[in-house]
Every structure is written in structure tokens, then in C-alpha cells.
């Protein structure tokens, strides 16, 4: 007996799968739900707990429903390999947003193109982000978290107390690596 399986995923803990749940439930009577909350689509599908369980559960004749292709993953190759893994078991994949059945030749073509466009947009966003960081550096803007310790104070306390790096870290409530950086910076 074939089943309708829903796969829902959100990337961050402050998001919820509720909207996806309602969209799928509105169109399908779902027999089994697999939900990932706080799991990025950049994580390989087979290593995500719910997707891994779905791949193990799905049987020939089943249909997997997703709200959108990007719920399966953010990488073209990963999305295609996930769909192919399901199809090799005789499982159909339907994407609601894009409105196509990925088990058809046309659906597979559309999937390939859409996944490639999504990957290209992510790479473009990353390039814009890096360009912005480069510009900020060129303008002399401080990047990263503000420094919370005074390197000279850390190095001076360590020297005055003949303390080990570990003792100094405990005194200031900082990591051993921070003590090493502070002492190196104070010498330079």
C-alpha cells in the first residue's frame, strides 16, 4: 500500500514548519511526516536525521511531498542525488511551489534548472557579501566582534604573578588561546 510522505524543513531554530505543514495538509492526506527544524539546507540531505529516516522509510509507490525544492537542499547535486535516490526506490517527488512532479522528464528538467538557479543566487550573495567585507576593510572599518580583553593587562598580570597560561585564562575568564594571543600582542 503506497503512502504520501511529507518532508518539512526550516533552517533556524526561530523558524517553524507550521506554514509548510498547513500547505501540504491542504492538498494531501499525509500518512507520514518527517520534519527538520534548525537544520540548514546546506547540510547534505543524507546526513540530516529526518531526511535520512525518510530515505530509509520510503517504499516503492510512495509519494514524497515538499513545499518547495529548496526544502530538499541548497546544492544542485545534493538535491538531484536525493531525488534520484528516491526515484530509484520507485518513489515519486512532488514540489508544491514549483507545481511539478519530479518523476517526469519535464519535472526533472525543471528541478535541475531551478536548483542550479538557486545555487547560483547563493553564490552571488556570497560574492556580494565578500565584496562588502573587502570594501569595509579598505575603508578601515573594524570587522568582527569587539575585543573584550586588554592584551597588555593580561600579559602584565601573567608576568607579575608568574602564572601559567591556564591560570591566567582562569583569572580573566578567557580561553587559553586568548591568553596566548594577548601575550603575543603585548610583546609585539
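Structure notes:
- Single residue of region 156-181 satisfying the filter (free of Cβ contacts under 8 Å to residues at least 12 places away in the same chain and surrounded by 12 or more Cβ atoms within 10 Å (Cβ to Cβ)) that is farthest from residue 74 (Cα to Cα): 159
- Options 153, 139, 134; residue that is at pLDDT 90 or above, more than 30 Å from residue 74 (Cα to Cα) and surrounded by fewer than 11 Cβ atoms within 10 Å (Cβ to Cβ): 139
- The residue that is farthest from residue 48 (Cα to Cα), counting only those in region 98-117 that are out of contact with any strand residue (DSSP E or B) (no Cβ under 6 Å at 6 or more places or on another chain) and surrounded by 19 or more Cβ atoms within 10 Å (Cβ to Cβ), is 100.
- The residues listed here are 169, 152, 116; of these, the one that is under 30 Å from residue 64 (Cα atoms) and touching a helix residue (DSSP H, G or I) at 6+ places or on another chain (Cβ under 6 Å) is 116.
- Against the conditions (1) modelled with pLDDT of 85 or more; (2) farther than 22 Å from residue 40 by Cα, residue 107 satisfies every one except (1).
The values are calculated or read from the model by the stated rules, or taken from the named source; none is laboratory data. Remember, predicted model here, so these are calculated numbers, not experimental data. Every residue, glycine among them, receives a Cβ derived from its backbone with ideal geometry; neighbour counts consider all protein chains shown.
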